[in-house]
Each structure stands twice: as structure tokens, then as C-alpha cells.
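Have a look at the structure below before the remarks.
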């Protein structure tokens, strides 16, 4: 018997994000999830090193890789639609849950629990905090995309950048790891490779 789970996941590269916007450069779900995984890992490392936490940074990266897996089935619903009101938000959460369950059904039964844990997680306090950092990484990834687009002269992303920045700043007020990332690691985004490497 064969199973489709990983073949379905490989289709992340075909899902385009920011569908309602004119993009200077299209971003795929694969690219976004890689960014979220790296940033989530970084936020947990910051938490552990700077704030004495005991967060599992590797697990945060793993959750980041799978955080939008349901979009392979649902597509990327634009934020203004997804969060228009509570009814739509709740309905979309149900759609996401059904899509995740459909993905899990593509695994052998003995492997499903491991992936269900990645999608749903536990209720332990440290796990909940780590998942908040993954959500923050998701917002930071969106902010970086907006910065790249506006930096390329695409005014289409101007209001989105302001809106996402407000959300990130709200998260930074509650999550010191996000504040550190904003202060120390976000400013170089948009620099050239020569500038990043300190070459003249």
C-alpha cells in the first residue's frame, strides 16, 4: 500500500500567497513556511539565551514548517477575508481542521499521532508559549514580504505593511523575543548581499 502525505506536502511550491495583491515577486507556500520555521527557531533561541526559557527551538521550527499545510487543500485565504468577522474566522478554522484531518488520513495509521501532535499540540504552558512564537514568526514573515515588495517599489503593499507592522508591534509588547528580533535582526532585511557580508 502507498500513502500520499509527503507527495501532497510537496505541492506547497504550487500554492501562491497574497492572491489579492499585485506582487513584484510571487511568494509560494514553500518559501513562506521555510521563513516561518527559521524565524520561529530564532525566536525560541532568543527566548532561551536572553530570557532563560527552556523552549524547544527545533520543535518550533518543525511546527513552522507545517503551520499552513492545510493551505495545500484550501489555498491561501486572504487575511482581510479570513478575519472579516468572527463567523468567517470560526468557519475558516473549521475548514482548516477538516483539511488537516484529510492530510493526516494520507498517512499510515501508526504515524498519524506524531503529525497530529505537530498540527494540534498539547496544552502545556511552554508549548503554548512556543506556539505563540510560531504565530509571531508567521507575522514577521508577512512583514518581511511586505518590506521586500515596498522596497521593490510596489506601493500595493504599503497599507499591508503598516497593518502587519502594527500586529507585530502588539506581539512585541507581550513577547520580548519578538522585540529583540525587530530591533536586532529585522533592519538588515532588504540589504544587498554585499552590504550583508560587509563587502565594499
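Nothing in this text is a laboratory measurement; each read-out follows from the coordinates by a stated rule. Just so we're clear, the structure is a prediction, and the values are computed from it rather than from any experiment. We place every Cβ from the backbone using ideal geometry, glycine too, and count neighbours over all the protein chains shown.
Quick check on the range 43-188: take the gyration tensor over C-alpha atoms, sort the square-rooted eigenvalues as a ≥ b ≥ c, and tell me if it's rounded (a/c under 1.5), prolate or oblate. Cα axes put the range 43-188 in the oblate bin. Annotation: extensible slack from residue 195 through residue 162 equals 9.3 nm (criterion: 0.36 nm per residue apart, minus Cα-Cα distance). Note on residue 58 and residue 152: the extension gain reaches 30.6 nm, defined as 0.36 nm multiplied by sequence separation minus the Cα-Cα distance. Across the chain, C-alpha contacts under 8 Å between residues 6 or more apart give a mean separation that, scaled by the residue count, equals a relative contact order of 24 percent.
If you take the Cα centroid of the range 1-35 and the Cα centroid of the range 47-79, the two points sit 15 Å apart. Take the Cβ atoms of residue 24 and residue 118, set R0 to 41 Å, and the FRET efficiency comes out at 0.80.
The helix-only estimate of mean residue ellipticity at 222 nm for the chain, built from DSSP H runs of length n ≥ 4 each weighted as -39500 (n - 2.57), is -20000 deg cm²/dmol after division by the residue total.
Its relative contact order, with pairs defined as Cα atoms under 8 Å and 6+ residues apart, puts the range 116-200 at 25 percent.
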